[in-house]
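Please read the structure below before turning to the comments.
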Amino acid sequence: MRTFFAAESSKDEHSSSLNPQSWLQVERGKLPKLSSQSSSASIESLIKVQQPPVLPFFKPVDYVEILAQIHEELESCSSQEQSNLFMFQYQVFKGLGDVKLMQRSLREAWRRASTVHEKIVFGAWLKYEKQGEELIADLLTGKRQNEYGPIDVESHIPSDVKVSSQERVLMNGNNTSQYVVFTIGDEKIVCDRQKFSELSTPFRAMLNGEFWESFSEAIDLSENNISPSGMRAISYFSMTGSLIEQISPKLLLEILVFANKYCCDRLKDACDRRLASLVTSKEDAVELMEYALDENTAVLAASCLQKLLRDLPHCLSDNRVVDLFLHANKQQLEVMVGPGLFALFCFLSEVSMNLNSSSDTTACFLERLADFAEDNKQRLLAFHRLGCVRLLRKEYDEARCLFERAVKAGHIYSVAGLARIDSIKGDENLSYEKISSVISPVTRLGWMYQERSLYCDGDLRWKDLEKATELDPTLVYPYMYRAASLMRTENSQGALAEINRILGFKLSLECLELRFFIYLALEDYKAALRDVQAILTLCPHYRMFEGRVAASQLRTLVLEHVEHLTTADCWAQLYDCWSAVDDIESLSVIYQMLEPDAAKGVLYFRQSLLLLRLNCPEAAMRSLQLAWQHASSEHERLVYEGWILYDTGHYEEGLQKAEESICIKRSFEAFFLKAYALADSGLGSICSSTVISLLEDALRCPSDNLRKGQALNNLGSVFVDHGKLDQAADCYIKALKIHHTRAHQGLARVHFLKNDKTAAYKEMTKLIEKAKNNASAYEKRSEYGDRDLTKADLEMVTRLDPLRVYPYRYRAAVLMDNHREQEAIAELSRAIAFKADLHLLHLRAAFHEHKGDVLSALRDCRAALSVDPNHQEMLELHTRVNSHEP
């Protein structure tokens with residue numbers, strides 16, 4: 001998530017401020033050691049865990065129910081309501097922390113937009129969410145248009161200005177002179193009276209009515225703020241119906257004001273559209289938006305809005321832009337964004353919060369968001385967000401009022417904000433009671449116990465934190481608190497074991513930082529260096545000590561205490577930790593190898609592979625783009641372009657890049673990319689022989705054993721898929737000889753397919769013993785043991801990585817086979833509570849259907865289709881269940 005919302009510290013945290021200086025001073029090249037007298041105090045200053053923040057997100061008690069409601073509304077609502085429903089769905093997924101689902105909801109909001117203004121807002125929002133992907137758009141230039149690029153505003157706002165034939169007949173009724181002379185200062189502009197009178201009703205009345213001007217051949221317009229040049233341009237328009245080709249923006253604005261004053265709708269529309277076509281920069285947009293709002297010109301206003309929103313977040317550093325959005329009244333805003341006021345300020349406030357959560361601009365944007373909320377869903381979101389900002393700004397009374405309004409609108413999570421305020425004001429008992437009041441046998445969520453733990457001590461706190469982890473193992477604070485507590489009691493091994501629990505499945509920067517300080521306190525500088533280098537890989541500008549010290553500075557200090565490794569030493573170390581499936585150590589080694597004279601393209605590429613394996617897609621894409629920037633040759637650059645395109649769903653274009661690279665030079669990576677893309681194309685046996693040939697070509701090209709092991713492993717998988725088990729085994733054995741540890745899994749599959757489950761089980765045991773990250777190995781081994789061994793392995797998987805869904809599904813299926821339906825549903829529900837997974841929801845829906853609970857089955861079907869609206873089996877189940885709805 002981009003947002004970092006700093007926590008509101010409790011009283012005891014204020015009483016002992018951080019003092020990092022003893023750890024940051026280097027004297028004679030050494031960090032200070034801990035003396036027996038100072039070790040406790042020093043550890044206390046280092047191993048400090050801040051309270052978890054009250055997150056400014058929508059966090060419903062039952063997100064499945066909310067997703068189901070949204071899906072149901074989408075089935076029956078008008079097309080005008082759909083984009084706002086998808087925006088609300090986006091907020092649900094934001095609370096769950098699922099970036100892919102967030103972006104998909106925004107895409108749907110953009111696709112279903114019913115007005116040009118919604119199209120502009122959601123298109124700009126998508127661009128903002130996809131920051132860093134500009135290279136992809138460049139690579140696709142000429143092949144596929146940028147789907148969310150700027151739209152042609154003029155074509156989306158049709159002109160409805162017409163002049164009726166009846167009006168023209170009426171205009172012909174006056175027998176005065178054919179021409180009229182408009183005097184402006186010393187200059188006279190001759191105009192066709194009839195043509196000019198057709199510009200508007202006021203001019204028709206003036207020139208063809210009963211006013212004295214109707215019978216005059218000369219009319220003085222010197223006091224009407226129109227120049228002679230402007231009047232000539234208007235006369236030209238009255239005769240031709242179009243504006244002069246070469247006309248300055250200044251003159252256009254002059255004519256626009258005149259046209260608006262005299263209700264010349266066609267002229268105003270022409271000026272509006274011509275000015276809109278001239279908006280090419282932020283400066284243009286800022287200057288012209290004021291005219292657009294004052295003169296009520298929809299096309300110009302929309303064009304300016306698009307230019308400003310697509311320049312986010314940068315344009316928010318310009319006070320003129322901020323003032324435009326904050327000081328415009330509702331009528332002006334409706335000219336700017338039509339009915340999309342809430343969506344606009346939802347977007348603006350989110351961008352501003354990411355820049356500075358406690359700024360005046362953020363608070364003002366959120367106030368406007370609350371002003372334009374139209375229903376309870378929008379109100380609870382606006383009130384809660386603004387409450388979080390007021391809390392951060394220490395405006396406690398205002399924050400309390402906002403959290404209370406959010407709770408009244410139905411947002412139970414806002415009780416956490418109320419409890420924080422009571423605690424800050426010294427009434428922790430009231431805080432404890434408030435959180436306890438929302439906990440019930442029906443509504444028990446991890447965040448509730450985490451919040452309540454803040455207002456109690458000793459065993460009660462520990463018990464609540466254990467319960468929080470049981471209900472939601474993805475919450476970071478409980479692990480960090482327990483690790484810090486164990487460290488303070490000098491149980492360093494227990495502290496490391498606790499923090500390693502979560503780092504085994506969730507690469508959290510805060511947890512890596514805490515582990516770094518634990519190792520620093522233990523004077524294990526090598527391990528500390530590993531963690532700080534992993535942190536810098538994930539976030540190059542990360543700051544520690546509550547943002548006071550750059551992580552890169554701490555790395556420099558620690559590096560002084562670690563033996564220098566040569567490039568050859570680093571490659572050997574990388575080989576060892578890659579073989580041991582130690583991904584964090586591998587990240588650290590690669591970071592250290594990225595010296596100025598290194599072949600950075602290859603190293604950044606390896607880094608991206610590790611980050612994908614660690615489920616860090618944004619960091620992986622950043623590394624892949626760095627590999628592209630540092631490619632040492634054209635054929636290497638094309639390979640990285642191919643992976644960038646492939647990883648973003650542009651499979652055909654990625655394959656083409658591989659072929660272009662091969663044409664320049666036959667290389668391992670080009671053949672590997674082409675084989676990988678073809679194998680994943682779904683063409684089956686049509687291309688399997690080609691994939692085999694490509695992988696064999698790759699293996700004949702120079703490369704290191706890390707990559708050759710992967711190619712052998714992939715080749716073995718292709719042989720297995722086509723029943724060539726002996727050839728597959730040969731590939732896996734060759735891969736194992738060069739220490740590609742994961743090949744044990746492929747060889748185990750071969751044993752299993754040869755009806756030797758015992759050998760398969762033993763093979764997976766070897767992988768478990770060698771791999772540092774081995775949750776997936778336990779899961780795979782579970783397929784080859786008896787029921788008790790399977791159960792034990794899957795329990796281990798859940799302990800090591802509670803985000804893996806197969807163990808829950810397996811246990812639930814066993815319970816269902818034993819006719820223990822409620823326990824089966826409960827097993828699935830405990831995982832669904834913290835992970836929005838299609839397969840879990842699908843299985844629970846099927847169980848509900850089996851029990852005859854149609855409403856619960858329908859709810860789960862709708863929620864699952866919110867996660868993946870195109871899943872065929874889910875669609876079929878939904879149709880079947882829906883037909884039984886009472």
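Between the amide H of MET544 and those of VAL549, ALA550, ALA551, distances stay under 5 Å, these residues lying 5 or more places away or on another chain, with hydrogens modeled in the peptide plane.
Using only the Cα atoms of segment 585-682, build the gyration tensor, take square roots of its eigenvalues as a ≥ b ≥ c, and label the shape rounded, prolate or oblate: rounded if a/c is under 1.5, else prolate if a/b is larger than b/c, else oblate. It is oblate, given that a/c is not under 1.5 and a/b is not larger than b/c.
Residues TRP212, TRP462, TRP447 ordered from highest to lowest accessible area at a 1.4 Å probe: TRP212, TRP462, TRP447. Rolling a 1.4 Å probe over the protein heavy atoms leaves GLU404 with an accessible area of roughly 90 Å².
Near ASP220, the amide H atoms lying under 5 Å from its own belong to THR183; only residues 5 or more places off or on other chains count, and H is placed 1.01 Å from N. Put +1 on the Cβ of every Lys and Arg and -1 on every Asp and Glu Cβ in the chain; which of CYS364, GLN69, ASN773 then has its Cα farthest towards the positive end of the dipole? Final value for the positive-end residue is ASN773.
Rolling a 1.4 Å probe over the protein chains gives HIS839 an accessible area of about 80 Å². On the chain, 49 percent of the accessible area sits on carbon and sulfur atoms, based on a 1.4 Å probe. Rolling a 1.4 Å probe over the protein heavy atoms leaves ILE189 with an accessible area of roughly 10 Å². The alpha carbons of segment 44-105 stretch over 58, 22, 15 Å along the principal axes, in descending order. Subtracting the Cα-Cα distance of LYS851 and GLU290 from 0.36 nm times their residue separation leaves 195.7 nm of extension gain.
For GLN727 and GLN872, a Förster radius of 45 Å and the Cβ-Cβ distance give a FRET efficiency of 0.85, rounded to the nearest 0.05. In terms of accessible area, using a 1.4 Å probe and ignoring ligands and nucleic acids, PHE182, PHE752 rank largest first as PHE752, PHE182. Stretched out straight at 0.36 nm per residue, the stretch from GLU72 to HIS541 would grow longer than its current Cα-Cα span by 164.5 nm. DSSP assigns beta bridges within the chain; of those with both partners inside it, close to 75 percent run antiparallel. Applied to segment 756-765, the Karplus parametrisation 6.51 cos²θ - 1.76 cosθ + 1.60 on θ = phi - 60° returns per-residue 3J(HN,Hα) values of 10, 5, 4, 5, 5, 4, 5, 5, 5, 4 Hz, with x for Gly and Pro.
Close amide-amide hydrogen proximity is noted between GLU187 and no other residue 5 or more places distant or on a separate chain, at a cut-off under 5 Å (H modeled in the peptide plane; Pro and chain starts excluded). Accessible surface calculations at 1.4 Å, restricted to protein heavy atoms, place segment 169-311 at 46 Å² per residue. For the chain, the calculated P(r), taken from all Cα-Cα distances in 20 Å bins from zero up to the bin holding the longest distance, is 12, 37, 34, 13, 5, 0 percent.
If R0 is 30 Å, the Cβ-Cβ spacing of LEU594 and GLU490 corresponds to a FRET efficiency of close to 0.20. Other residues with beta-carbon under 13 Å from the beta-carbon of MET816 carry, at +1 per Lys or Arg and -1 per Asp or Glu, a net charge of 0. Remark on segment 302-437: Rg and Dmax equal 16.4, 55 Å (Cα only). Applying 1/(1 + (r/R0)^6) with r as the Cβ-Cβ distance of GLU81 and ALA568 and R0 = 60 angstrom yields a FRET efficiency of 0.40. Pairs with C-alpha atoms separated by more than 21 Å, drawn from the list LYS59/LYS835; LYS506/LYS835; LYS127/LYS600; LYS130/LYS307, are LYS127/LYS600. Take every pair of alpha-carbon atoms less than 8 Å apart whose residues are at least six positions apart; their mean separation over the length of the chain yields a relative contact order of 9 percent. The largest-to-smallest principal axis extents of the Cα set in segment 806-886 are 28, 25, 18 Å.
What the phi angles of segment 350-360 give under the Karplus curve with 6.51, -1.76 and 1.60, with θ = phi - 60°, is a coupling list of 5, 5, 5, 5, 5, 7, 6, 5, 9, 6, 4 Hz, glycine and proline written as x. Computed extension length for VAL190-GLU367: 58.4 nm, one decimal, from 0.36 nm per residue of separation with the Cα-Cα distance subtracted. With the cut-off at 1.5 for a/c, could you classify segment 279-364 from its C-alpha gyration tensor as rounded, prolate or oblate? The shape class here is prolate. Entry note, the chain: the mean residue ellipticity at 222 nm calculated from DSSP H runs of n ≥ 4, each adding -39500 (n - 2.57), is -20500 deg cm²/dmol after division by the residues and rounding to the nearest 500.
Ordered by 1.4 Å accessible area with all protein chains kept, GLU72, GLU849 run largest first as GLU72, GLU849. Here the 3J(HN,Hα) profile of segment 844-851, calculated from phi with Karplus coefficients 6.51, -1.76 and 1.60 at θ = phi - 60°, is 5, 4, 5, 5, 4, 4, 4, 7 Hz, Gly and Pro shown as x. Among all stretches of the chain without exposed trypsin sites (Lys or Arg not before Pro) (DSSP loop, at most 11 other Cβ atoms within 10 Å), which one is longest? With a cap of 11 other Cβ atoms within 10 Å, the longest stretch comes to 549-886.
The values are calculated or read from the model by the stated rules, or taken from the named source; none is laboratory data. Model, not experiment: these values are computed from the prediction. Every residue, glycine as well, gets a Cβ built from its backbone with ideal geometry; the counts of neighbours run over all protein chains shown. To get the accessible areas, we keep the full protein, side chains included, count just its heavy atoms, and leave off ligands, DNA and RNA. Shrake-Rupley method; radii C 1.70, N 1.55, O 1.52, S 1.80 Å.
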